[in-house]
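J.: Have a look at this one.
The values are calculated or read from the model by the stated rules, or taken from the named source; none is laboratory data. On a predicted model such as this, the values are computed, not experimentally measured, just so you know. Because the Cβ atoms are built from the backbone with ideal geometry, glycine has one as well, and the counts that use them run over all protein chains shown.
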Amino acid sequence: MGFLAEKKALITGVASNRSIAYGIAQCMAREGAELAFTYQNEKLQPRVEKIAKSLDSEICIQLDVAEDEQIDQAFRVLNSHWQDLDILVHSIAFAPTEEFKGTYIDSVTRDGFKLAHEISSYSFAALAKAARPMLNANGALLTLSYLGAVKSVPNYNVMGPAKASLEANVRFLAADLGSDAIRVNAISAGPIKTLAAAGIGGIRDLLKHVELMSPLQRNITIENVGNAAAFLCSDLAAGITGEILYVDGGYHNLGMTFEVD
C-alpha cells in the first residue's frame, strides 16, 4: 500500500500526458490514491477521459473556472460520486498569448492582467471555497507556481504578478483552513516543456539555461514534481502548510553563475 492509500484526489488542469498535472496524477495513483479529473471543454474531454482510464478512474467532470456556476456544478457532480475529498490539485493558469511577447511593460494590458489573475490565481480560492464542505480533516490543497512569482523572468511577463497573487492565496488559505486541519501548499516547479510552456517566448533558451546553470545541471521532470506533490498531500507532510516548495534543481538559490578559476 502506498502512502496515499484510501485518499481521494481531484486533479484539475490535465491537458496531455506531458502536463505537470499528469505527472502528479501518476505519482498519486502509484501511491494508492483514488482519482477524479476535470476537463475544461468538450474538445479536451476525450483526451482527459483516456488519461483518467489509464489511471483507473472513471470520474471526469467538466470545469471551466471562469464560470462560477460550473465550479459549483463540478462539486455537485463530484459529490454524487464521492461523499468526501482529501486532496485538491490546482494546476490551472492562463493569459493571452500576446502577453508573453516582448517586454512586460510593452505587452501588459488591463484585460490581459485581469484575465491572468482571474484564471491563474482567483480560481484556486474559488475551488477551495467550493471544495471545503467535502474536504476531510487532514486534507490538502496544492497549487503550482513558478520562480516568476518572485523574480523577473524574461517573457514570463503578466504571469509573474498572477503567480505572486497565487502564492499569497496559499498563505491566506492556509491560515483560514488550518483550524479545519486542512493544509495548503504550492510547488514552484522549474521550467518543463509542456503545452502550456510552449506559449512562452524563448522557452527553449530558458530550458537550456536552467540545465546548464542549476546545481543539479538538468531540467526537472513531471515525475519530480509529481513525487513532491504526492508527499505534500500525504500525511507524511502533516506539519507543513502555507509553504512554497521549490522543485527546480536548486536554480532558485543562485545569485549569479560564472566559471571559477
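J.: Being of a type in the set (Gly, Ala, Ser) and in contact (Cβ under 8 Å) with a residue 40 or more places away in the chain is the filter; apply it to region 230-257 and report the residue that is nearest to residue 24 (Cα to Cα). Reasoning before the result, please.
T.: In the first step, residues of region 230-257 are kept if they are of a type in the set (Gly, Ala, Ser); the result is 230, 234, 237-239, 242, 249-250, 255.
Applying the additional criterion that residues be in contact (Cβ under 8 Å) with a residue 40 or more places away in the chain yields 230, 234, 237-238, 242, 249.
On the way: 230: 7, 234: 13, 237: 16, 238: 19, 242: 19, 249: 17 Å.
If we take residues in region 230-257 being of a type in the set (Gly, Ala, Ser) and in contact (Cβ under 8 Å) with a residue 40 or more places away in the chain, then 230 is nearest to residue 24 (Cα to Cα).
J.: How many of the residues in region 13-25 are crowded, with 24+ Cβ neighbours inside 10 Å and outside any helix (DSSP H, G or I)?
T.: Looking only at that region, the number is 2.
J.: Scanning region 235-251 for residues that are outside any helix (DSSP H, G or I) and out of contact with any helix residue (DSSP H, G or I) (no Cβ under 9 Å at 6 or more places or on another chain), which turns out farthest from residue 177 (Cα to Cα)? Break it down stepwise before answering.
T.: Residues of region 235-251 outside any helix (DSSP H, G or I): 238-250.
Restricting the remaining residues to those that are out of contact with any helix residue (DSSP H, G or I) (no Cβ under 9 Å at 6 or more places or on another chain) gives 238-239, 250.
On the way: 238: 14, 239: 14, 250: 30 Å.
Checked region 235-251; the qualifying residue farthest from residue 177 (Cα to Cα) is 250.
J.: Filtering region 203-234 down to residues that are of a type in the set (Gly, Ala, Ser) and in a loop (DSSP other than H, G, I, E, B), which residue is modelled with the lowest pLDDT?
T.: Across region 203-234, the extreme among qualifying residues is 214.
J.: Do any helices (runs of 4 or more DSSP H) lying entirely in region 75-183 carry at least 2 residues that are in contact with a Ser or Thr (Cβ under 8 Å, 6 or more places away or on another chain) and crowded, with 20+ Cβ neighbours inside 10 Å, and which ones are they? Break it down stepwise before answering.
T.: Numbers: elements: 104-107, 110-117, 123-131, 159-177.
Where helices (runs of 4 or more DSSP H) fall fully within region 75-183 and carry at least 2 residues being in contact with a Ser or Thr (Cβ under 8 Å, 6 or more places away or on another chain) and crowded, with 20+ Cβ neighbours inside 10 Å, they are 123-131, 159-177.
J.: Something else about it: Kindly indicate whether any position in region 216-228 is closer than 26 Å to residue 6 by Cβ, aliphatic (A, V, I, L, M) and without any contact (Cβ under 8 Å) to a residue 60 or more places away in the chain.
T.: The answer is yes; a qualifying residue exists.
J.: Among the residues of region 46-66, write down those that are in contact with a strand residue (DSSP E or B) (Cβ under 7 Å, 6 or more places away or on another chain) and of a type in the set (Asp, Glu).
T.: If the condition is that a residue be in contact with a strand residue (DSSP E or B) (Cβ under 7 Å, 6 or more places away or on another chain) and of a type in the set (Asp, Glu), then 49 is the only one that fits.
J.: Scanning for something acidic (Asp, Glu), out of contact with any Lys or Arg (no Cβ under 7 Å at 6 or more places or on another chain), part of a loop (DSSP other than H, G, I, E, B) and modelled with pLDDT of 95 or more, does region 59-71 turn up at least one residue?
T.: Yes, region 59-71 has at least one match.
J.: Of the numbered conditions (1) small (Gly, Ala, Ser); (2) farther than 16 Å from residue 230 by Cβ; (3) touching a Phe, Trp or Tyr at 6+ places or on another chain (Cβ under 9 Å), residue 54 fails exactly one; give the number of that condition.
T.: With respect to (1) small (Gly, Ala, Ser); (2) farther than 16 Å from residue 230 by Cβ; (3) touching a Phe, Trp or Tyr at 6+ places or on another chain (Cβ under 9 Å), residue 54 is out only on (3).
J.: Let me ask something additional. Taking residue 31, is it surrounded by 14 or more Cβ atoms within 10 Å (Cβ to Cβ) and either in contact (Cβ under 8 Å) with a residue 40 or more places away in the chain or not β-branched (Val, Ile, Thr) (or both)?
T.: Working: surrounded by 14 or more Cβ atoms within 10 Å (Cβ to Cβ): yes; either in contact (Cβ under 8 Å) with a residue 40 or more places away in the chain or not β-branched (Val, Ile, Thr) (or both): yes.
Here the answer is yes, as residue 31 does meet what is asked.
J.: Looking only at region 17-24, decide whether some residue is touching a residue at least 12 places away in the same chain (Cβ under 8 Å) and out of contact with any helix residue (DSSP H, G or I) (no Cβ under 8 Å at 6 or more places or on another chain).
T.: Of the residues in region 17-24, the ones touching a residue at least 12 places away in the same chain (Cβ under 8 Å) are 17-24.
Still in the list and also out of contact with any helix residue (DSSP H, G or I) (no Cβ under 8 Å at 6 or more places or on another chain): 21.
Yes, that holds for at least one residue.
J.: Please work out if residue 225 is within 20 Å of residue 253 (Cα to Cα) and crowded, with 22+ Cβ neighbours inside 10 Å.
T.: Working: within 20 Å of residue 253 (Cα to Cα): yes; crowded, with 22+ Cβ neighbours inside 10 Å: yes.
Here the answer is yes, as residue 225 does meet what is asked.
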